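Everything on this sheet refers to the single structure shown next.
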Amino acid sequence: MSWGGLEPFINYQEEQEIKMTVKRTEEANRQIGKTLVYGILLAAFYLLAAFNAGTFIGYFTMGNWYAALSIGGVAIFLHAAFAVNLVSALRIRTELHQAEQRAAAAKKRSAQRARPRAYINPWHNI
C-alpha cells in the first residue's frame, strides 16, 4: 500500500513513540528502584532501633537535641523519601499537581490561538 510519500514521516512518528515509551519505562523502573532502596533503608532503621533500644533510650533520656537527632535525623528523612518515591512510583497525582498541569495546558492553548482582528468597512455608512 502506498502512502503517497509519507513513509519516512510515519516511520519517524513510530520511532518517536517507541523512544517515548522506552523513556517512560526507564523512568518508572528508576522510580521503583529508588522506592525499594528507601524502603529497605527504612526497614533497616527500624530493625536497628528494635535491636538497639537501649541506645535510643539513652539518647532520649539525655533530652534536648539528643532526642530530636536520634529520630529526626534519620527516621523523618527516610519516611519522607520513601513516601514521596512510593507515591511517584504508583503515579498518584495530587490535586495541586493536576491543577498545575491544567493551567499549563490552558496557557499553551491560549498561546496557540490566533488573535482576533477587527475589520472596519470604510463604506458602511454610504
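We did not get these values from a lab; they are worked out from the coordinates using the rules stated. Given the structure is predicted, the values throughout are model-derived calculations rather than measurements. All Cβ positions, even for glycine, are placed from backbone atoms using ideal geometry, and neighbour counts span all protein chains on display.
Treating only the Cα positions of region 8-112 as identical point scatterers, give the base-10 log of I(q)/I(0) from the Debye formula at each q in 0.09, 0.11, 0.20 Å⁻¹. Listed by q, the Debye log ratios stand at -0.47, -0.61, -1.07.
Assuming charge only on the beta carbon of Lys and Arg (+1) and of Asp and Glu (-1), the dipole of region 8-112 about its Cα centre is about 300 debye to the nearest 20. Across region 77-83, rounded Karplus estimates of 3J(HN,Hα) from the backbone phi angles (6.51 cos²θ - 1.76 cosθ + 1.60, θ = phi - 60°) give 4, 5, 4, 5, 5, 5, 5 Hz, Gly and Pro being marked x. Dipole orientation for region 8-112: of the candidates Asn29, Ser88, Gly63, Ser88 has the Cα lying most toward the positive pole (charges on Cβ; Lys, Arg +1; Asp, Glu -1).
The protection proxy used here, the mean number of other Cβ atoms lying within 10 Å of each residue, ranks peptides 49-61, 79-91 as follows, highest first: 79-91, 49-61. The listed peptides 32-41, 97-106, ordered by packing as a protection proxy, come out as 32-41, 97-106 (highest mean of other Cβ atoms within 10 Å first).
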